[in-house]
Each structure stands twice: as C-alpha cells, then as structure tokens.
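Structure, as structure tokens:
The values are calculated or read from the model by the stated rules, or taken from the named source; none is laboratory data. No experiment lies behind these values; they were computed from the predicted model shown. A quick note on method: Cβ atoms are made from the backbone with ideal geometry, for glycine too, and the neighbour counts reach across all protein chains shown.
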Amino acid sequence: MPATEPTKIRNIAVAGHRGVGKTSLVEALLFEAGETNRLGSVEQGTTVSDWDEHEQRRGMSLSGSLCHLEWKDRKINLVDTPGDAGFQADTYAALRVVEGVVAVLSGVMGVEVNTSRVWKRADEQELSRVLFVNMLDRERADFFRVLEAARQQLSDRCVAIQLPIGSEHELTGIVDLLHMCAYTDPSGGREGGPQPIPDSMADLVQEHREKLLDAVVETDEELMGRYLEGEELETEAVADALKQAVTRDELYPVGCGVASKNLGTTALLDLLVEGVPSPAKKGTTIEFGDAKQAVFIFKTIADPFTGRISCFRVLAGPVSGDTTLVDPRTHAKERLGQVLTMQGKDSEAVEALGIGDLGAVAKLKDVVTGDVLVDHEVAVEPPHIDFPEPVMSFAVTPKAKGDEEKMATGLRRLHEEDPTLLLRRDPQTGEQLLSGLSQMQVEVAVDRLSTRFHVEVELHPPRVPYKETIRKEARARHRYKKQTGGRGQFGDCAIVLEPLPAEDGELGYEFVDKIVGGVISQSYRPAVDKGIREAMEHGELAGAPVQGVRVLLVDGMEHNVDSSEMAFKIAGSMAFKEAYQQADPVLLEPIMELEVTVPDDNVGAVNGDLNSRRGRLQGMEPAGGMTTIKAEVPMAEILTYSQALTSMTGGRGDYSMHFLRYEEVPTHVAQKIIEQTKREREEAKV
Ligand SMILES: Nc1nc2c(ncn2[C@@H]2O[C@H](COP(=O)(O)OP(=O)(O)OP(=O)(O)O)[C@@H](O)[C@H]2O)c(=O)[nH]1
Ligand SMILES: [Mg+2]
C-alpha cells in the first residue's frame, strides 16, 4: 500500500473534559467506518482506544491512543486523548500533530474546565475545530443550552450543523443541516443511510439552516452575493466555503449525537472529511530544515514486552521501513525497521507513510517524546510541547529493601511515556520525590510499577523543603586548638554575618575576605569558607539549609607549625554556629501560588478551607458556572489538597499550583516545627 496523499488525510484529536464520551465516540467512528465489527463499550472495557488494563479497570483514558479509519476515500487519523487533568501530557502532545480537534461536550454538563483548557491550547495553535455535543440521550441533556454555553464561553462563532430529533430518553435521531437529511438512532448498530427530515421539525430546521448559511456566506464574498440574490446554494459550494472558514478558524460547526449508541457518526465523519483541512491545506509549524525525510515523535509507549513504540507525524517524506534517520539531539543514528499504523494497541506494518500522516515505529534506541528525526543532520529547533508543570509530589519508597534501583528504572520508563511524571531526589531532605499533575496520575504510576515492573512502592506526603535565614548582623570568633603532643591543630577566625537580600527571589550566600595584613594566610581562607558552607547545610533551628547570608572574614590568627586547612575549616564552622545563634535566625517555608477551579456552589467552602490552611486569597474569576480562585498558600498546608478538594466539590474541582517564593514561617507554627525537629533528632540519637 503506497503512502496516502496529504490531501487525503485528516488528523483529528478528540479532546474535552473528563468522561464526556471521547473514547466512546472514537469507538463509534471506527465501528461506523467498518474498522471494527462490534461497538465496544467503556463499561465492559472493550473499546479499541482504552486498551490498557489500568484504563479498563478505572473506566477512563489514561493516555492518548492513536487510531485510523477510512471514510469517503480519506484516511482519518484519530487521537483519543484523556480528559482527566492528571493526564494532559498526551493531550497537549496530540494537539501538536493534528490540524483538527473534535471538542466533545456533555449534553448535560456543557462547557467544563478541561474543555476550556483544551480550547485555549487549540486557539494558541490555531487548530481547526468541530464540536460534538454528546450524551443527548441522558436526563437533563439539552443541545440548545449547550450550544448557547459554547457560544458564550468558547466562541460566538460556534454554529449548529446538526440538530437532535427529540430529547433525553425520547431522542430518536439527528438532523444534518448541511446535507439536509436525518439519521435515526441505530441503538448500537450501524447507522442506516440518510432519511428525510421529520415534517414536525420543519420550522426549527429552517431556522438553524439559515443561521448556518448566514454564518458560512459571511466568510465568503462570492457565496454571499449569490445568497443575497436568493439563489439556492449547492451543498458542495456551502461545504467548500465551510471548510475554508473552519480552516481559517472563522467558524466552529457544532454536531451532536449519542456516542454509546453510535448515533451521529455518519454526519460527523462527513463533516471531518468535508469541513476539516488536510495536512496539505494547514500543515505543521514544526521545523525540519531541508531534510527530505523527517518525523516528529509525539508519544512514546514503553511496553516491557514489545519494547518501546514511538508514535510520530511525518513532516517530510515519504518514510518507509528499513530507513535510518538521525536524531539531532543525540546525534545517534536510529533505524526504522518497519513503519506501523496503530489501531489502539494493535499495529500493522505498512510500506510507507506520506507527509502529514501519523504512524509509529518500534524499538528506537534513545528517542524521547518531542524529538525530531531527520535523514541528514540539520540544525532544527525541536518544537516545544509546553507540558504543564507538576503540581504535587509524594515521597516514594519501595516496600522491599533493595528494590530502589528497580523502582527508579520503572519510573524512568514511565517518565518516557508521560513527561509530566517526574522522579527526583530532593537534595535537602534526601527523599525520592514522585511529582505529577494529580494524585491519580501518581497512583496510576504506582499501579503500573506493580503490574509492569513488578515492584511495590509506597507513597508518603513529602517533607517540606524548609530553609533558614538570619535577620540581623552578628559576629563571633572561634579558636580551634589542639596542641598536646605531636603535631597540633590551630585555626582561629573572626567572622561577621549579615542578612543578604534575595536576588530575583533567590536567597544566596556570599563570602567576603576582609583580612588585612595577612593575619591568616591566603591558602587557609578558602578553608574557612568551606567550613561555613558545611555548617550552613543544616541550620541550628530545624536542620534546614541556611541561605540569605553574607559572611565577612574579618580577623584571625595562625600558627606557623600547627595550622592546617582542616583546623581552619573547623574554626569557620564553629564561628558560624556561634554567630548564627545571635543573628536572629528564622525558619522559611515555600509558598505556592494556587489556582482552583470549582463549581460556583462550592466557592464558600473552598475559600473557608483555604483560609484554614493559612491561604491568602488573591482573586476570584467566575465564568460559566465555575469560579477560578487564586490564592497563595504555604506548601506545608497543601500537601494533600487533592483529596480535600475532591470531597468538597464531589470531584468537580480542579487545581494547579507552582512555587512562588520563600517566606518566614509565623512564630507559632515555626515553634512546632522546631520542637518536632528537636524530638526527631533526639530519637535518632537514642
Ligand atoms: N448515556 C450515554 N452515555 C455515554 C455516551 N457516551 C459515553 N457514555 C458513557 O459515559 C462514560 C464515559 O465515556 P468515555 O467514552 O469513557 O468518556 P471519555 O471522554 O473518553 O472519558 P475520559 O477518557 O476519562 O476523559 C462511559 O460509561 C460511557 O459508556 C452517550 O452518548 N450517552
Ligand atoms: Mg477516554
């Protein structure tokens, strides 16, 4: 099979809020197009795209899934993306390799937090968009209300291209306003062909067909002329103008249906072919220089059995099997044995993939998500996917001693799959910290460590990386002297500590040599500095690193036989400890900037809770039933926020946070931490 022409490809990410039916919709599209013989369901864990056992167990998508189908002589590549906030890495990566997005909305819930987030990303990347209002068979579903919400909250250029026939449990089909026909609910079977529109809907259909035509002709002068003359416009001409408008982001057609019953898929597939641009029309912004062959890796599946699978978009090609490309990041040669098309977990080798197509390759050596591979080394700037920052961390330890290496290897693999999942050692507390976008993401990683890498680990709330600093000047002199028998030890130094103001929010350390007249030789002075640095690693208050200090070495004395670097190091360290006590030392804690989005009804409870966590409210922005609260909260108070937010909002709340700055811990809180550290130190001594 030769490579598909770029004009005949459609690359579509199916995106939207958690649980709106994206996976079910992809399943239905594959079924309607004849790629599968039965309509799988999320409940039964039989869908093509949620193939992973953890996805099936939890009934939700945890990673992006690449599928493809043929419709009207076009190859449609679909990337089913996860809706949960914790698994957005794949969603954002998918948005880098498609021209079009189907934004799926729940017919009951309308525009939800993650829908808006994905929409914003798509805006930034100028992706063409189609909306699909799903779940119209559910109680309280209302297509027109959701259409209005989309016009208010996403764009006033959203326009209905389909209408439901009936509503809730009396929904019997949909109307296609472009082709002026209807489809009846196939109840999970294949959709029959187009039907006449029921007479009872004539007025409503007329109204919305006019709205659609008005919106389309407004984007096309010639068509507008003909329309105003009262000419009947052919479907093809309207479709053509529609596609131009969708390509230029001037219109967002809104379709509808019931994914779990396969209602609305024919009209949606037609719309993807007729209304969404091909890679030939819209193309990519990813650079590949003058390479004749180039691919961009947008996803990595780290399967312990089949090895690594890298999903890519062809930037320049065609690209076939038995090709060697080079990764300019590592300068390594990478051999593509076979090029594959993916259908969920199943792959099929194909001869070649052409420009714009999406596919995969197994067993590349050192390639990571985000790399561009080219046929000859060209200087390319790899595209920036701009993954979200991790918002939470857990300390992670293996249950069995000796499994540390296994745990680290497993987590490295999982990080390859999901770059927002990070393992790092906190240099201050010495703990291994596993950070991610949500508690669920971290918990899924723990499950995967067990099932895939056979290592059991435990999560604990991490230690807070406190720091210490001083508030006033102090001086001390210390003489370290041992001169009994043999060669002695002698070091003597006088130092002054001064508070050092933060620079760009960073507290630092400065050592200033003020020695006059050579009372300490040049060669011993760095030893004093070294001793002080060591003492600063564990402050006297709570064992936290000391920062924000300038040390002046002002005086000292040396002995021409007994002095040594070691002696001066100890003298420096002791002098520091003495001066530190008098320099009014204080404890500092990290303050996080928090953004919480919750349903309006929960704002009071969430604010009250933030208040009890020593949070300071910075602002509130209501938008479409949800309010975004901004606050500054000490990290120590928000280590386990995820559970609290879930229980306050019934799972509808969402948050993100990042480090802002260090601030002094209020005295009463600091006292507790200092006592706690003291107790721990004493226990450790026993
Ligand atoms: N009644 C009804 N249920 C639906 C419809 N579409 C999907 N569902 C059900 O809604 C639930 C969520 O569907 P999914 O397809 O997993 O939704 P998703 O958007 O892929 O979810 P995430 O990947 O977790 O974000 C499943 O139980 C589906 O069977 C629909 O049109 N009507
Ligand atoms: Mg899904």
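If you check ILE301 against the conditions, is it closer than 30 Å to ARG452 by Cα, surrounded by fewer than 23 Cβ atoms within 10 Å (Cβ to Cβ) and touching an Asp or Glu at 6+ places or on another chain (Cβ under 7 Å)?
yes
Would you check which residues across region 11-25 are under 18 Å from THR597 (Cα atoms) and within 10 Å of ligand 2 (Cβ to nearest atom) and list them?
Within region 11-25, GLY16, ARG18, GLY19 meet the criteria.
Among what's in region 101-153 and is among the polar types (S, T, N, Q) and in a strand (DSSP E or B), pick the residue that is surrounded by the most Cβ atoms within 10 Å (Cβ to Cβ).
Of everything passing the filter in region 101-153, ASN134 is surrounded by the most Cβ atoms within 10 Å (Cβ to Cβ).
Among the residues of region 624-645, is there at least one that is touching a Ser or Thr at 6+ places or on another chain (Cβ under 6 Å) and loosely packed, with under 15 Cβ neighbours inside 10 Å?
Within region 624-645 (the criterion being touching a Ser or Thr at 6+ places or on another chain (Cβ under 6 Å) and loosely packed, with under 15 Cβ neighbours inside 10 Å), the answer is no, since none of the residues qualifies.
Where residues in region 53-70 are more than 19 Å from the chain's Cα centre (by Cα) and crowded, with 20+ Cβ neighbours inside 10 Å, which of them is nearest to ligand 1 (Cβ to nearest atom)?
For region 53-70, the residue satisfying everything is CYS67.
Provide a single number: the residues in region 533-575 that are under 41 Å from the mean Cα position of the chain (by Cα), in a helix (DSSP H, G or I) and closer than 20 Å to LYS472 by Cα.
Looking only at that region, the number is 4.
Which residue pairs have Cβ atoms under 8 Å apart, sit 6 or more places apart or on different chains, and have a first residue in region 371-400 that is surrounded by fewer than 18 Cβ atoms within 10 Å (Cβ to Cβ) and a second that is among the aromatic types (Phe, Trp, Tyr) and part of a loop (DSSP other than H, G, I, E, B)?
Short answer, once both residue conditions are applied: VAL378/PHE288.
Please enumerate the residues belonging to region 469-517 that are among the small types (Gly, Ala, Ser) and either buried (at least 16 other Cβ atoms within 10 Å of the Cβ) or closer than 14 Å to MET536 by Cβ (or both).
Scanning region 469-517 gives ALA474, ALA476, GLY491, ALA494, GLY508.
When the residues of region 50-91 are filtered to those that are part of a loop (DSSP other than H, G, I, E, B) and among the acidic types (Asp, Glu), which remaining residue is farthest from ligand 2 (Cβ to nearest atom)?
Checked region 50-91; the qualifying residue farthest from ligand 2 (Cβ to nearest atom) is ASP73.
I need the full set of residues from region 229-281 which are at positive phi and either of a type in the set (Ser, Thr, Tyr) or crowded, with 24+ Cβ neighbours inside 10 Å (or both), in order please.
Correct list: GLY257, ASN262, GLY264.
Report, by residue number, each residue of region 645-669 that is within 22 Å of PRO388 (Cα to Cα) and in a helix (DSSP H, G or I).
Hits for region 645-669 are LEU645, THR646.
Regarding ALA85, is this residue small (Gly, Ala, Ser), modelled with pLDDT under 95, within 13 Å of ligand 1 (Cβ to nearest atom) and touching a strand residue (DSSP E or B) at 6+ places or on another chain (Cβ under 6 Å)?
yes
Mind telling me which of the residues PHE132, PHE143 ends up being more than 19 Å from the chain's Cα centre (by Cα) and within 19 Å of GLY275 (Cα to Cα)?
Step by step, each of PHE132, PHE143 is checked, and only PHE132 is more than 19 Å from the chain's Cα centre (by Cα) and within 19 Å of GLY275 (Cα to Cα).
Quick check on GLU540: is it within 29 Å of ALA502 (Cβ to Cβ) and surrounded by fewer than 23 Cβ atoms within 10 Å (Cβ to Cβ)?
It is true that GLU540 is within 29 Å of ALA502 (Cβ to Cβ) and surrounded by fewer than 23 Cβ atoms within 10 Å (Cβ to Cβ).
Among what's in region 18-28 and is in a helix (DSSP H, G or I) and of a type in the set (D, E, K, R), pick the residue that is farthest from ligand 1 (Cβ to nearest atom).
The qualifying residue farthest from ligand 1 (Cβ to nearest atom) is GLU27.
Within region 17-25, is there a residue that is modelled with pLDDT of 95 or more and small (Gly, Ala, Ser)?
The answer is yes; a qualifying residue exists.
Being farther than 23 Å from THR667 by Cα and surrounded by fewer than 23 Cβ atoms within 10 Å (Cβ to Cβ) is the filter here; which residues of region 574-593 pass it?
Correct list: MET574 only.
Could you give every pair whose Cβ atoms fall below 8 Å, whose first residue belongs to region 668-686 and is modelled with pLDDT of 90 or more, and whose second residue is of a type in the set (Val, Ile, Thr), counting only separations of at least 6 or pairs across chains?
Pairs that qualify, where the first residue is modelled with pLDDT of 90 or more and the partner is of a type in the set (Val, Ile, Thr), are ALA670/VAL586; ILE673/VAL665.
What is the number of the single condition among (1) outside any loop (DSSP other than H, G, I, E, B); (2) touching a strand residue (DSSP E or B) at 6+ places or on another chain (Cβ under 6 Å); (3) away from ligand 2 (no atom under 13 Å from the Cβ); (4) aliphatic (A, V, I, L, M) that ALA3 does not meet?
(1)
Could you tell me which residue of region 35-46 is surrounded by the fewest Cβ atoms within 10 Å (Cβ to Cβ), considering only residues that are in contact (Cβ under 8 Å) with a residue 24 or more places away in the chain and more than 13 Å from ligand 2 (Cβ to nearest atom)?
GLU35
Does THR284 qualify as being more than 16 Å from ligand 2 (Cβ to nearest atom), modelled with pLDDT under 95, in a loop (DSSP other than H, G, I, E, B) and touching a Lys or Arg at 6+ places or on another chain (Cβ under 8 Å)?
yes
Among (1) hydrophobic (A, V, I, L, M, F, W, C); (2) near ligand 1 (Cβ under 10 Å from one of its atoms); (3) not in a strand (DSSP E or B), there is one condition ALA15 misses while meeting the rest; what is its number?
All conditions are met except number (3).
Would you check if GLU458 is of a type outside the set (Ser, Thr, Tyr) and at pLDDT below 90?
For GLU458, the condition - of a type outside the set (Ser, Thr, Tyr) and at pLDDT below 90 - is not met.
Could you give every pair whose Cβ atoms fall below 7 Å, whose first residue belongs to region 479-490 and is part of a loop (DSSP other than H, G, I, E, B), and whose second residue is surrounded by 12 or more Cβ atoms within 10 Å (Cβ to Cβ), counting only separations of at least 6 or pairs across chains?
Sorted first by the residue in region 479-490, then by its partner, the pairs are GLN483/PHE490; GLN483/ASP562; ARG487/ASP562; GLY488/LYS482; GLY488/ASP562.
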